[in-house]
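Each reported figure results from applying straightforward, stated rules to the coordinates on display, with no laboratory input. A quick note: this is a predicted structure, and the numbers were derived from the prediction, not measured. Every residue, glycine as well, gets a Cβ built from its backbone with ideal geometry; the counts of neighbours run over all protein chains shown.
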Amino acid sequence: MNGALSGKRALVCGASQGIGAAIAAALADMGCAVTALARTQEKLEAVVTALPGDGHRVVALDIGDWNALNTAISLELAEGDIQILINNSGGPAPGPISQAPAEAFSAGLQNHIIAANGLTQLLLPGMKRAGYGRIINIISTSVKIPIPNLGVSNTIRGAMASWAKTLSLEVAADGITVNNILPGFTQTPRLDKLIAATATRLGKSEDEVAQMWRERVPARRFGDPKETAAAAAFLASPAAGYINGVNLPVDGGRTGCL
Ligand SMILES: NC(=O)c1ccc[n+]([C@@H]2O[C@H](COP(=O)([O-])OP(=O)(O)OC[C@H]3O[C@@H](n4cnc5c(N)ncnc54)[C@H](OP(=O)(O)O)[C@@H]3O)[C@@H](O)[C@H]2O)c1
């Protein structure tokens with residue numbers, strides 16, 4: 001533990017597994033108290049129990065339910081300010097955009113943009129009081145190059161990146177930064193599910209699909225969620241105070257543009 005975030009609290013969304021759980025661990029390792037949010041109470045409790053340090057808490061709800069989110073986080077804020085917000089949730093369902101139902105767009109907006117904007121509005125007064133805020137959004141490399149068969153996801157991720165850039169301009173003078181992490185293939189339960197679905201669709205084995213995807217990455221391997229979390233922990237730290245409004249791919253070099 002290096003203590004760079006001691007005395008601070010983070011709200012980490014999507015923290016019950018995968019990238020979110022790894023970010024909760026990385027922030028706690030820097031001395032930060034963590035409020036871990038996702039739908040599954042038992043998984044959240046297991047994550048929080050394993051965190052170093054004290055004062056960690058759990059909020060179990062569906063991030064798409066704004067009334068529940070607003071009530072729960074207002075109660076959290078009654079316990080004290082939160083200076084670090086990690087916006088993260090499950091990715092929208094795959095499929096071609098030409099066949100995407102209207103409800104898929106509504107759900108994507110609700111779970112990503114509306115939740116992130118609502119949480120930001122709740123947390124901003126405390127960040128301003130502290131003169132310190134870090135808003136970090138876990139999005140996707142599809143912000144730079146759309147990924148085939150992820151129509152709704154590509155659309156929502158682009159909107160999220162644009163939301164973040166706009167917000168970064170509004171809050172920078174208060175010591176608050178807003179940045180996006182764009183994960184590439186990262187070894188989490190979501191990646192396992194995508195590999196299984198693709199194997200079924202293409203009539204290949206899961207090993208064949210995984211190998212095909214690894215070969216698309218210059219590093220020739222999938223990322224470890226801890227590697228994504230290390231980037232988030234740096235962006236959350238005082239050392240990253242002059243980095244604002246950027247998209248940071250953590251993708252083993254896969255994204256074929258700057
Ligand atoms: N892994 C990759 O290769 C990769 C690549 C590019 C982008 N991404 C994106 O990065 C983000 C994190 O990825 P990941 O691989 O860590 O995903 P993951 O393994 O599916 O984990 C998603 C997390 O979000 C929570 N969650 C999902 N829906 C929720 C909801 N409605 N309300 C509250 N919590 C919810 C899940 O917990 P509960 O089920 O307990 O709610 C879980 O903790 C996702 O948006 C994903 O699309 C991932």
One computes Rg over Rh for the chain from alpha-carbon atoms, with the Kirkwood Rh, and obtains 0.95
Listed with the fewest Cβ neighbours within 10 Å leading, T166, T35, T120 appear as T166, T120, T35
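Could you rank the peptides 173-182, 17-26 by their average count of other C-beta atoms within 10 Å per residue, with the highest value first? It would help to have the intermediate numbers written out before the result.
On the way: 173-182: 20.8, 17-26: 25.0.
The packing order, highest mean first, is 17-26, 173-182.
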Long-range amide H partners of L150, meaning residues 5 or more apart or on another chain whose placed amide H is closer than 5 Å, are G95
Counted neighbours (other Cβ, 10 Å), sorted fewest up, put C32, C257 in the order C257, C32
Quick P(r) readout (the stretch 184-227; Cα-Cα; 10 Å bins; whole %) gives 30, 56, 14, 0
Along the dipole axis of the chain (charges at Cβ: +1 for Lys and Arg, -1 for Asp and Glu; origin at the Cα centre), the most positive-end residue among A24, F234, G55 is F234
Given unit charges at Cβ for Lys, Arg (+) and Asp, Glu (-), the dipole magnitude of the chain about its Cα centre in debye, nearest 20, is 560 debye
Computed for the stretch 205-258: size of charge dipole around the Cα centre, +1 on C-beta of each Lys and Arg, -1 on C-beta of each Asp and Glu, debye to nearest 20, value 200 debye
Beyond 21 Å (Cα-Cα) in this structure, taken from K204/K226; K144/K165; K8/K128, we find K204/K226
Taking 0.36 nm per residue of separation between I114 and R39 and subtracting their Cα-Cα distance, the length gained on full extension comes to 25.3 nm
Percent of all Cα-Cα pairs per 10 Å bin for the stretch 1-150, counting from 0 up to the last occupied bin, reads 11, 40, 33, 13, 3
Ordered by number, the trypsin sites (Lys or Arg not before Pro) in the stretch 172-249 that occupy a DSSP loop and have at most 16 other Cβ atoms within 10 Å are K204, R216, R220, R221
Answer in debye to the nearest 20: the dipole magnitude of the stretch 22-77 about its Cα centre, from +1 Lys/Arg and -1 Asp/Glu charges placed on Cβ, is 40 debye
Once amide hydrogens are built 1.01 Å from N within the peptide plane, the residues lying 5 or more places from G133 or on another chain with amide H under 5 Å from its amide H are I176, T177
